[in-house]
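**Student:** Have a look at this one before I ask anything.
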There are 2 protein chains.
Amino acid sequence: MPAMPEPMNFCPNCGAPTEFRIPEGDDRRRNICTATGEIFYDNPRNVVGTIVEREGRILMCRRAIEPRRHFWTLPAGFLELGETSADGAARETLEEAGVTVREPRLFNMIDVTHIGQIHIFFIADMIGEDYAPGLESSEVTFLAEDEIDWPQLAFPTIHRTLERYFASRRTGDFGVRVESLGSQDWRAMALDREPRD
Amino acid sequence: MPAMPEPMNFCPNCGAPTEFRIPEGDDRRRNICTATGEIFYDNPRNVVGTIVEREGRILMCRRAIEPRRHFWTLPAGFLELGETSADGAARETLEEAGVTVREPRLFNMIDVTHIGQIHIFFIADMIGEDYAPGLESSEVTFLAEDEIDWPQLAFPTIHRTLERYFASRRTGDFGVRVESLGSQDWRAMALDREPRD
């Protein structure tokens, strides 16, 4: 995922070569079709996920796919066209953890500018008792704060979101937070490079 | 802006034809390069903007560009790669209204699924006294609630955001809201089709 627009080579519509330059009246380089002049924009993408609590423990998935295969995550994935952010978070929770949720409430929004993403997490209530790994998970379980193996988390935004969630639980303040998280945070969190077996 | 992925014709990387089909393990159609198998994803885009108040009036811009040229809007535009959502909202405010702001605080997030966008507004404080239309605005001014010509607003999310903001001002509750807004809301708001002069 790029932090800045990257050059393409061919117009996806007509197949003519594209050039990568600053259009008139703009201030950053874009891909422009040399045949039609059409400008192609690249923008940050949204990742949406949930925090689901059951008897004090949090729903977590072990990733069965790259990147960060075998590491632990909250259920989350890219928001799709045609769905709301809350519906997307619920869909990912069903797909990755086999858990149906209701009433997702916005908890945080983390700008991850160095990879061109925004990670958005919702607190959601579990419906029923079913859970099971989907295609993208190898394991699904519920973990208490002291059961989480923090360096084995998949991504810095998962680390940050869980940290904040447990802090919110202690203070009772679940007000929405907006923050940003850079590549230096990854290092500060000291996430493991290799998964534990 | 599409509500669902739309077919492209050529791979932007290698120029080979693409096909538009559901990849294995997926559940929606994507553009796939017939030469390399690369899959191209299309996702919702974020529009970020601000609500800036000065002496009880709200900073507003008259659009100098399509769509909705000559209609009124809050300063807002597409979030760019490499910037945080709050920084993007501040940038748009400077570009469109010549206003420098500080400390944008998240106010609302509106999923607009039928056009594949999320509109995110921040309340921000104006620094200094300067304001002036940028390239994309023909007029910039500050309007009180009863000075706004509601049917002349550019977009339904602007209508909704201003409505909610004035309601929040009355109740004192500025808690972040997440909502969605469909094409039927446009009709319910009865925004004018033609701009008044």
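**Student:** Please give the net charge around A:ALA154, taking every other residue with its beta carbon less than 11 angstrom from that of A:ALA154, where Lys and Arg add +1 and Asp and Glu add -1.
**Tutor:** So the surrounding residues net to +2.
**Student:** Among rounded, prolate and oblate, which fits segment A:45-188 when a ≥ b ≥ c are the square roots of the eigenvalues of its C-alpha gyration tensor, a/c under 1.5 means rounded, and a/b larger than b/c means prolate?
**Tutor:** Values: a/c = 1.16, a/b = 1.13, b/c = 1.03.
It is rounded, given that a/c, with a ≥ b ≥ c, falls under 1.5.
**Student:** Can you send over the carbon and sulfur percentage of the accessible area for the protein assembly as shown, probe radius 1.4 Å, protein chains only? Don't skip to the answer; put the middle values down first.
**Tutor:** Numbers: 8900 of 18470 Å².
Carbon and sulfur: 48 percent of the exposed surface of the protein assembly as shown.
**Student:** Just need the relative contact order of chain B here, percent rounded to a whole number, with Cα pairs under 8 Å and 6+ apart.
**Tutor:** 21 percent.
**Student:** Compute the acute angle (0 to 90°) between the alpha-carbon long axis of helix B:156-171 and the principal axis of greatest extent of the alpha-carbon atoms of chain B; round to the nearest 10°.
**Tutor:** Its long axis makes an angle of about 40 degrees.
**Student:** Between chains A and B, what is the buried accessible area in Å², counting both sides, with a 1.4 Å probe and ligands, DNA and RNA left out, to the nearest 100?
**Tutor:** 3500 Å²
**Student:** Can you give me the long-range amide H partners of B:HIS70? Hydrogens built in the peptide plane at 1.01 Å from N, cutoff under 5 Å, separation of 5 or more residues or another chain.
**Tutor:** Excluding prolines and chain starts, which carry no amide H, the hits are B:ARG63, B:ALA64, B:ILE65.
**Student:** For A:SER138 and A:GLU19, what does the FRET efficiency come to when R0 = 35 Å and r is the distance between their Cβ atoms, rounded to the nearest 0.05?
**Tutor:** Working: r = 45 Å, r/R0 = 1.27.
That gives a FRET efficiency of 0.20.
**Student:** Based on C-alpha coordinates, I'd like the Rg and Dmax of segment B:9-129, in Å.
**Tutor:** Looking at segment B:9-129, its Cα Rg and Dmax stand at 19.1, 60 Å.
**Student:** Right, here's the next one. What shape does segment B:1-42 take by its C-alpha gyration tensor, where a ≥ b ≥ c are the square roots of the eigenvalues and a/c under 1.5 counts as rounded, a/b above b/c as prolate, and the rest as oblate?
**Tutor:** Judged from the Cα gyration tensor, segment B:1-42 comes out oblate (a/c at least 1.5, b/c at or above a/b).
**Student:** Please report the spacing between the Cα centers of segment A:156-197 and segment B:130-197 in Å, no decimals.
**Tutor:** 35 Å
**Student:** Another question, if that's okay. Name all residues of segment A:85-111 having a backbone nitrogen under 17 Å from the label point set 7 Å from the Cα of A:ASP130 along its Cα→Cβ direction, giving them as ranges.
**Tutor:** Zone members listed by number: A:90-102.
**Student:** In addition: In a shell of Cβ-Cβ distance under 9 Å around B:LEU135, excluding B:LEU135 itself, what net charge do Lys and Arg (+1) and Asp and Glu (-1) give?
**Tutor:** Spelling it out: positives minus negatives among the neighbours equals -3.
**Student:** Which of the residues in segment A:13-38 lose at least 50 Å² of accessible area when you go from the chain alone to all protein chains together (probe 1.4 Å)?
**Tutor:** Residues passing the criterion (a loss of at least 50 Å², heavy atoms only) are A:ARG28.
**Student:** Once the Cβ-Cβ distance between A:ASP149 and B:GLU103 is put in as r, and R0 is 41 Å, what FRET efficiency do you end up with, to the nearest 0.05? Don't jump to the answer; show the numbers that get you there.
**Tutor:** Working: r = 37 Å, r/R0 = 0.90.
Efficiency, from the Cβ-Cβ distance: 0.65.
**Student:** What residues in segment B:70-91 lose 40 Å² or more of accessible surface when the other protein chains are added to their chain alone (1.4 Å probe)?
**Tutor:** Residues losing area: B:LEU79, B:GLU80, B:LEU81, B:GLY82, B:THR84, B:SER85.
**Student:** When the Karplus curve 6.51 cos²θ - 1.76 cosθ + 1.60 is applied with θ = phi - 60°, which whole-Hz ³J(HN,Hα) does each residue of segment A:46-61 get, with x for Gly and Pro?
**Tutor:** 9, 10, 10, x, 10, 10, 10, 10, 9, 6, x, 10, 9, 5, 9, 10
**Student:** So, one more: Considering only the other residues whose Cβ falls under 12 Å of the Cβ of A:ARG29, what net charge follows from Lys and Arg at +1 and Asp and Glu at -1?
**Tutor:** Here the charged neighbours net out to -3.
**Student:** Sort the protein assembly as shown into rounded, prolate or oblate with this rule: let a ≥ b ≥ c be the square roots of the eigenvalues of the Cα gyration tensor; rounded if a/c is under 1.5, and if a/c is not under 1.5, prolate when a/b is larger than b/c, oblate otherwise.
**Tutor:** Working: a/c = 1.83, a/b = 1.24, b/c = 1.48.
Here the protein assembly as shown falls in the oblate category.
**Student:** Right, something else. Just the accessible area per residue of the protein assembly as shown, please: how many Å² with a 1.4 Å probe?
**Tutor:** I get 47 Å² per residue for the protein assembly as shown.
**Student:** Taking the 0 to 90 degree range and rounding to the nearest ten, how far is the long axis of helix A:85-97 tilted relative to the main principal axis of chain A, both from C-alpha atoms?
**Tutor:** Once rounded, the angle reads 60 degrees.
**Student:** Here's something else I'd like to know. Just the number, please: percent antiparallel of the DSSP beta bridges in the protein assembly as shown, rounded to the nearest 5. Display every interim value, and only then the final one.
**Tutor:** Values: 60 of 86 bridges.
Taking every DSSP beta bridge within the protein assembly as shown, about 70 percent pair in antiparallel fashion.
**Student:** Quote the convex hull volume per residue of segment B:80-154, based on C-alpha atoms, as a whole number of Å³.
**Tutor:** Roughly 131 Å³ of hull volume per residue.
**Student:** Between B:LEU94 and A:GLU163, take the C-beta separation as r, use R0 = 45 Å, and let me know the FRET efficiency to the nearest 0.05.
**Tutor:** In this case the efficiency is close to 0.85.
The values are calculated or read from the model by the stated rules, or taken from the named source; none is laboratory data. Please read all numbers here as calculations on a predicted model, not as lab measurements. Please note: Cβ atoms are built from the backbone with ideal geometry, for glycine as well, and neighbour counts cover all protein chains shown. Accessible surface is based on the protein model in full, side chains and every heavy atom, while ligands, DNA and RNA are left aside. Shrake-Rupley method; radii C 1.70, N 1.55, O 1.52, S 1.80 Å.
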